[in-house]
Amino acid sequence: MMDYKDIFKRKPYFTEKAEKETLYGEWLTELTEYHRERCTPYGKLLKNLKVPQYQHMREEEIPMLPIGLFKDFDLVSIPEQTVFKTMTSSGTSGQKVSRIYLDTETADYQQRALVAIGGDFWGDARLPLLVIDSPRVLKDRNLFSARGAGILGFSIFSSRICYGLDKDMNLDLEGIELFLNRYQGETILIFGFTYIIWNYFYQALKRLGQSFHLPKGILVHGGGFKKLTDQSVSSEEFKERITEVTGINRIHNYYGMAEQTGSIYMECPFGHLHASIYSDIITRRAKDFKVCSYGEKGIIQVFSPLAFSYPGHSILTEDEGVILGEDDCPCGRKGKYFRVLGRIQQAEIRGCSDTYDG
Amino acid sequence: MMVDVTYLAGVKTPSAEPMIPFAAPVLDFLEALSHELHNRREELIPYPEIKAFGFWIRRTHMDELKSRYADGRIRLGRGVTFHMAASNVPLLFAYSMVIGLLAGNSCAVRISSRSQEQDRKLCEIIEILLVRQEFTFVKKRISIFSCDRENEVVKDWVKECDGLIIWGGDEAIQSVRRLDLRPGGVQVMFPDRYSICILDLESVGKMQEEELNKLAYSFVKDTYAMDQNACSSPRYLIWNQKETLKKAEAIRKKWWRAVEKEAASYNLTSHKATKKYEALCRYAMTMEEIVEIESYKNLVYTVLLSDIPSNPEQYRGSWGLFFEYQGYYGSALKKLAVRQLQTVTHYGIQKKEIIDYVMNHHLYGVHRVVPVGDAMNMDLIWDGQDMIGMLSREISWEE
């Protein structure tokens, strides 16, 4: 059985390469065996891919599950009656979404991981939380997705919550001002999805000619720049512009996904995303899935020992990134640090069926 | 309305004057085009498909096609044919147009607004030729334009044309069928198809290395050249063998290693690699017939099956994912030959044997039997349809 007590005894950014390699080899081998027995389609996959049974594997040998499969298969390793919560990934209407089945234990592990990671960045005290989103995201079952889960997850850090957008995604300037006035001079946490912050908060402030002065604010955002690169907004520009209108200097992007909630990769002041003890990352070459060298662009594979109710401990994503190094980021955090380059570019595919036609 | 239509070659409104098939002005023009493409070979190095097209329309090949129809029957074109080709097959529009012209028609050709670079390049060269005085006549018979599929111009041509040619699979066909069509017009449609390859195990086993590599090269040309997504790219490889042979596994692996080597220059992007691995996992999780999955780097994935699944056309290998079956080819062919089975490529078995099998067993599928390496070759007879016959009218007569 996985020793989660041991995992949570550890601080998120203190484990060095050699030890982490040993631990991840053990944990992930164990999880692979565990899910092989309990999740029938996963077991069948491993059998057909000839993944050896009862044999220790190193992290990089752990079979990877393509992230797209969570959209088409119910991948679950627990009896139906113990499913406590079903997470879905964000997707526009009509698009298929991933469904991740959590029991109370797994959901608890994920939350504890998030608390530990957040705590490392802004301390253990609860803070006033300004959510840049609409409260409707939580109320409307149809909208409840990665966005809702993110908000719920981050509300664990809050002493008090204010939603910055109304039900129609309009900026609630009055409400925000009231909230900020009450906590003037205090550290406050601001959380939202990258493109929502940009489109509904930054753009709205710009339009109204308004700005805030929050030198003690900490802004945390995730979900990717994909929707912003269409407007050609880079990570650097995002930071600059947000600082311009809010006075916030501490801005942390994070990389994470509904398929591995909680064990997110936070960005340090040096602009690097960090793996913690709750997660790890490998980048692979398209040609043969061999592991890339540091500095080499590759397809991102993510690991998390927390995926216990579903076989999501080793996932091949559809993102590309570059691992910059391990244990030696100037911020002092141990573990791998990296940059995400975004979604893999869709290639033009040849073929007789004219589905891509315009 | 004529908005958002870009005319790329020829005239806006081609003249509707039926001609005899393989008329001299058409053959002369194609010959000149073939020469022009040959002369520009340096410039066209980045576009191997254009070079292949230029070779296909060479005079000797056109004359050879003409001789097939020298049967004493009297044929005349229908008028104007309208062509819509899938944009993700390079130059398909050009092959389609040439066939329309050969059948004695004027051609309106719509290419996608997302058409590829080599499509545009060829249009440029065609236009350079058409402005020459000697081709004024042919120019009036050609209109190549680009617009999106919903454009009014497309609807007008679908309604007005005497012959409609749609390449692009089931979906494209269904959307066109909903439009207003000329009651007396003919339609030549190319729906979704899939293809297979049959190799005789013993024959392959006996091959010298050089020969084997050559065959593997031909196989790669049939498959990887079009991302293994063309209707005529084999997805299944049937190893014909009477009984289970001990050496079978060694022969198969030697073959796939040769394929891997020949496909080494294939551009397997991150997108293709992840989607291909995802497809492999999907099959690994759901298919009942899997005996063994092998991978040769990420370039070649093979899925050996104990039996042919029902609905074999739904298993799509792309970018080098092949389903394999070993046993008597006939019993496999019987199950594979659903309506959608188009091309059978073969080595080590006579084509007559395969065709006889199809005939004797009254099979639905199999429209084409060609040697390994010829899967992508265009022909006037495609998908069981004689395009010259369909796009011309035959005048019957009595004394």
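Here the calculated FRET efficiency for B:VAL338 and B:LYS206, from their Cβ-Cβ distance with R0 = 30 Å, stands at 0.40, rounded to the nearest 0.05.
Let's test the formula: R0 of 35 Å, r as the Cβ-Cβ distance of B:GLU243 and B:ASN377. What FRET efficiency results, to the nearest 0.05? Before the final figure, lay out the partial values.
Numbers: r = 34 Å, r/R0 = 0.98.
Between B:GLU243 and B:ASN377 the formula returns 0.50.
Paramagnetic label reach from A:LYS85 (point 7 Å along Cα→Cβ; backbone nitrogen cut-off under 15 Å): within segment A:170-200, no residues.
For segment B:229-274, the alpha-carbon coordinates run over 40, 24, 19 Å along the three principal axes, in decreasing order.
Run the helix sum for chain A: -39,500 (n - 2.57) per DSSP H stretch of 4+ residues, divided by residue count, reported at 222 nm to the nearest 500 deg cm²/dmol.
Numbers: 11 runs with 105 residues, N = 358.
For chain A, the value works out to -8500 deg cm²/dmol.
Using 20 Å as the Cα-Cα cut-off, could you pick out the over-long pairs in A:LYS290/B:LYS272; A:LYS287/B:LYS275; A:LYS297/A:LYS336; A:LYS287/B:LYS272; B:LYS246/B:LYS297; A:LYS11/A:LYS216? Check vs 20 Å cut-off fails for B:LYS246/B:LYS297; A:LYS11/A:LYS216.
For chain B, the 222 nm mean residue ellipticity estimated from helices alone, with every DSSP H stretch of n ≥ 4 adding -39500 (n - 2.57) and the total spread over all residues, rounds to -11500 deg cm²/dmol. For the residue pairs A:LYS44/A:LYS85; B:LYS253/B:LYS335; A:LYS47/B:LYS254; B:LYS51/B:LYS121, alpha carbon separations beyond 21 Å are given by A:LYS44/A:LYS85; B:LYS253/B:LYS335; A:LYS47/B:LYS254. When the Gaussian network model of chain A links Cα atoms closer than 10 Å, the mean-square fluctuations of A:LYS226, A:LYS71, A:LYS50 top out at A:LYS50.
Straight Cα distances below 17 angstrom link A:LYS139 to the aspartates and glutamates A:ASP166, A:ASP168, with same-chain residues fewer than 8 positions distant left out. Rounded to two decimals, the Cα-based Rg/Rh of the protein assembly as shown, with Kirkwood Rh, is 1.04.
If you stretched the chain out fully between B:ASP4 and B:GLU171, how much longer would it get, using 0.36 nm times the residue separation minus the C-alpha to C-alpha distance?
57.8 nm
Note on A:64-74: average number of Cβ atoms from other chains within 10 Å of each residue's Cβ is 3.
Just in segment B:70-111: which trypsin sites (Lys or Arg not before Pro) are loop by DSSP and have at most 15 other Cβ atoms within 10 Å? Hits after loop and neighbour filter: B:ARG73.
So, with +1 on the Cβ of K and R and -1 on the Cβ of D and E, and no other charges, what is the size of the charge dipole of chain B about its Cα centre, to the nearest 20 debye?
300
Computed from the coordinates by the stated procedures, all read-outs in this text should not be read as laboratory data. Treat the numbers as computed from the prediction; the structure is a model and nothing was measured. So basically every Cβ, Gly included, is an ideal-geometry build from the backbone, and we count neighbours across all protein chains shown.
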